[in-house]
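The values are calculated or read from the model by the stated rules, or taken from the named source; none is laboratory data. All of these numbers come straight from a predicted model, not from anything done at the bench. Every residue, glycine among them, receives a Cβ derived from its backbone with ideal geometry; neighbour counts consider all protein chains shown.
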Amino acid sequence: MKAVDLLPFCAKYGSRMLLQQPFTVGERTYATDARVLVRVNRIAGVYLVNVTNSGWNAIKFQACLAMVAPLPTDIAVALPDAIPEVLEACDVCDGNGLRNGEPCPNCEGAGHFEQHHPIDVGGTSYAGYHLRRLAALPDLAFYPRHGTDEPAYFTFTRGDGILMPL
Ligand SMILES: [Zn+2]
């Protein structure tokens, strides 16, 4: 079975350097950009975090893990069939992806960023940016939390995670 690609769920260049790669704690491997968190069974070779020390990183990671406590899985709501990609031009390279003849460091040469525009799922708004990535997960079941600021919970083949509402 093909492993789930965790990189789309990591923080992007220029933000939260600590979260730009997946990391392993105990028997699970995680990816998060601080809005979405995805976890799967441990992937060998992924950076291992020692959460038993008291360093700053360990404290941050502990906070992430505490959020994936068991959450309600009562009513799964299907994501919309087509979630549009809404792009915004990079203002460092004016959308052409190049800076001094090299790939633009701000947008990694893409020339644009995907906006976090709101999409309603089960009465709560989530970023289309994140929903489009979740929709690619195998056998996704998404459990919105209507009427709270709490994260939605989701499961997929061999993994689960949480997504903050907008
Ligand atoms: Zn750029």
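Numbers below:
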read-out	value
Long-range neighbours under 7 Å by Cβ, at least six apart or interchain, first residue closer than 15 Å to GLY123 by Cβ within the range 145-161, second acidic (Asp, Glu) and part of a strand (DSSP E or B)	none
Condition met for GLU85 (exposed (fewer than 15 other Cβ atoms within 10 Å of the Cβ) and charged (D, E, K, R))	yes
Residue count, the range 77-92 (criterion: free of Cβ contacts under 8 Å to residues at least 60 places away in the same chain and aliphatic (A, V, I, L, M))	6
Residue within the range 95-116 that is within 18 Å of the chain's Cα centre (by Cα) and more than 16 Å from the ligand (Cβ to nearest atom) present	yes
Enumerated strands (runs of 3 or more DSSP E) restricted to the range 78-166, each holding at least 3 residues that are within 28 Å of VAL40 (Cα to Cα)	118-121, 124-127, 141-143, 152-156, 159-163
Test: residue in the range 58-67 that is in a loop (DSSP other than H, G, I, E, B) and either within 22 Å of TYR129 (Cβ to Cβ) or at pLDDT below 85 (or both)	no
Residues within the range 34-57 that are surrounded by fewer than 10 Cβ atoms within 10 Å (Cβ to Cβ), modelled with pLDDT under 70 and either hydrophobic (A, V, I, L, M, F, W, C) or at positive phi (or both), tallied	1
